[in-house]
Amino acid sequence: MRVRYTALHLLILSFMLQSTLAYSAERDVRSWLQSMVEAVRTLNYRGTFVFLHDNQLESMRIVHTVDAGGEKERLVSLNGAAREVVRDDASVICIAPDAKSISVSRRGAGGGFRAVFSMDIEALSAFYDFQILNRARVAGRETQAVAILPKDAYRYGYRIYLDSQSALPLKTDMLDDKGSVISQIMFTSIQIDTDVEATTQSDLDGREYYHWVQREPGKVKNESDDGEWSLEGLPQGYRVKLRAQMPAGKEGPPVSHFVLTDGLASLSLYIETSGTDSALIGGSRMGSVNAFGRVIEGHQITAVGAVPALTVEKIAEAVRRNAD
């Protein structure tokens, strides 16, 4: 018996096929992203990348190793002011040869180059769509491009080019709501998962005459402790990841510091006693970084981060002072 397909049948079959292909592509891109998260955590690599932001181009050399002692990472600036950052699981050392200074601090959770690429794919699906894109060459290597696109106006999008063999991100574009690139990180040369001979330790010999600064981290507060301030009406998906009290200097009360994230995007919120000349009222922007400030009850509220202007404004407006 011959089966006759009406226009309606064909439309239903077409819809089912498109739905199946879309689901398959979404699962495929999630697999790529999950491999990326694993790659940045476990691979040894060394190379040079450029960071384009706010019409400025920075070039950096990076060496990243993982062994029984944990992760180690060294970043050295190749243009502009001389800078060097050495990180391991316990500390961050920042060296500024021009200023002859060395700053040492404890490393916070999620720091380093890989922090941008560490994510919970399943949790993010409530706020982002995932798409598989084209293939392209970056730093002489074949890559698979994927997109992470926001479902609302409170976050930026990303286009990430993953090494076809290792899934290491070789190029990342941050996208605004129109799909335009507002910042970019791209490797120009890289060696992956090889015997990285270059040390991740900086040569500090001869720098004992530098000005050494030991930076103490802020006192971390329990997230369930509301304290003096609370946040009401945050953009959907954003939560407080960290609360801390930071020293304000020789004088004045400490600064309250909140770190907020949706699992991919993150920003900082600062609450401090308001000064007469330095108050930020309204919005400010520098490249992909937006800030918004307001003053309430003698306190300066400042939200700042690589998120849309609407997000920092919404979060600054969410601050409430708790009743005594």
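The values are calculated or read from the model by the stated rules, or taken from the named source; none is laboratory data. What you see is a predicted model; the values in this text were computed from it and never measured. Every residue, glycine as well, gets a Cβ built from its backbone with ideal geometry; the counts of neighbours run over all protein chains shown.
Can you name the number of the only condition in (1) at pLDDT 90 or above; (2) farther than 30 Å from Ala99 by Cβ; (3) in a strand (DSSP E or B) that Asp152 fails?
(3)
Would you check which residues across segment 41-70 are under 25 Å from Ala123 (Cβ atoms) and at pLDDT 85 or above and list them? If you could, list the steps in order and put the result at the bottom.
Just the residues of segment 41-70 that are under 25 Å from Ala123 (Cβ atoms), to begin with: 41-43, 66.
Listed by number, the residues that qualify are Thr42, Leu43, Val66.
Quick one: in segment 267-288, of everything that is under 18 Å from the mean Cα position of the chain (by Cα) and touching a residue at least 40 places away in the same chain (Cβ under 8 Å), which residue is surrounded by the fewest Cβ atoms within 10 Å (Cβ to Cβ)?
Filtering segment 267-288 for residues that are under 18 Å from the mean Cα position of the chain (by Cα) and touching a residue at least 40 places away in the same chain (Cβ under 8 Å), the one surrounded by the fewest Cβ atoms within 10 Å (Cβ to Cβ) comes out as Met286.
Of all the residues that make up segment 211-230, how many are modelled with pLDDT of 85 or more and within 22 Å of the chain's Cα centre (by Cα)?
Total meeting the criteria: 0.
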